[in-house]
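Structure record follows, encoded as structure tokens.
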Amino acid sequence: MSNEDDELESIRDQKREELSSRAETPDEPVHVEGQSHLEELVGENDVVLVDFYADWCGPCKMLEPTVEELAAETDAAVAKVDIDAHQALAQQYRVQGVPTLYLFAGGEPVDEMVGVQEKSTLEGKIANATT
């Protein structure tokens, strides 16, 4: 093997390592710890479904299993924002009722939904955002 071949192999190894070390989409909902954490999640993932919820909210509890399934079954990252713990974030996104879901694609909000949503509806919106 020549030096050139060694160098090419080294570059290939480095590229393989970079590709495998890239963050994969989390397969369970990520609990947001603040504005910068949400911005980081939206920036690192192509598609992010953000669930603004409250522990005291009955419809939020009804939606929770669906949100968990979407995190496990789709290419979207799923983030959960507790509106009581993160009131400023809820205000920033003009959340007036919970659950409120935002869908981000390419770092930008592309859809907002208020209330419990059907899993199939959310799957469709996620699929459209990934294409």
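Any read-out appearing in this document is the output of simple, stated calculations on the displayed coordinates, not a laboratory observation. Fair warning: this is a prediction, and the values are worked out from it, not measured in the lab. Every residue, glycine among them, receives a Cβ derived from its backbone with ideal geometry; neighbour counts consider all protein chains shown.
Evaluate the range 92-101: report whether one residue or more is under 15 Å from the mean Cα position of the chain (by Cα) and crowded, with 16+ Cβ neighbours inside 10 Å. Within the range 92-101, one or more residues are under 15 Å from the mean Cα position of the chain (by Cα) and crowded, with 16+ Cβ neighbours inside 10 Å. When every residue of the range 83-100 is checked against the conditions, none turns out to be within 16 Å of Asn45 (Cα to Cα) and touching a Pro at 6+ places or on another chain (Cβ under 7 Å). Report the residue count in the range 75-113 for those that are in a loop (DSSP other than H, G, I, E, B) and in contact with a Ser or Thr (Cβ under 8 Å, 6 or more places away or on another chain). Residues meeting the conditions: 3. Within the set Leu63, Leu122, the sole residue that is part of a helix (DSSP H, G or I) and in contact with a Ser or Thr (Cβ under 8 Å, 6 or more places away or on another chain) turns out to be Leu122.
Glu112 meets each of the listed conditions (1) touching a residue at least 40 places away in the same chain (Cβ under 8 Å); (2) in contact with a Lys or Arg (Cβ under 9 Å, 6 or more places away or on another chain); (3) of a type in the set (D, E, K, R) apart from (1).
Matching residues to (1) of a type in the set (S, T, N, Q); (2) touching a strand residue (DSSP E or B) at 6+ places or on another chain (Cβ under 8 Å); (3) under 18 Å from Leu122 (Cα atoms):
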{"site": "Glu9", "(1), (2), (3)": "no, no, no"}
{"site": "Pro29", "(1), (2), (3)": "no, yes, yes"}
{"site": "Glu33", "(1), (2), (3)": "no, no, no"}
{"site": "Val42", "(1), (2), (3)": "no, yes, yes"}
{"site": "Leu63", "(1), (2), (3)": "no, yes, yes"}
{"site": "Val67", "(1), (2), (3)": "no, yes, yes"}
{"site": "Ala72", "(1), (2), (3)": "no, no, yes"}
{"site": "Leu89", "(1), (2), (3)": "no, yes, no"}
{"site": "Gln92", "(1), (2), (3)": "yes, no, no"}
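Taken over the range 28-46, the criterion of being in contact (Cβ under 8 Å) with a residue 60 or more places away in the chain, surrounded by 14 or more Cβ atoms within 10 Å (Cβ to Cβ) and of a type outside the set (D, E, K, R) is satisfied by Val42 alone. Only one entry of Leu122, Leu70, Leu49 meets the criterion of being without any contact (Cβ under 8 Å) to a residue 60 or more places away in the chain, of a type in the set (A, V, I, L, M) and surrounded by 12 or more Cβ atoms within 10 Å (Cβ to Cβ), and that entry is Leu70. Only a single criterion out of (1) surrounded by fewer than 16 Cβ atoms within 10 Å (Cβ to Cβ); (2) under 18 Å from the mean Cα position of the chain (by Cα) is not satisfied by Leu89, namely (1).
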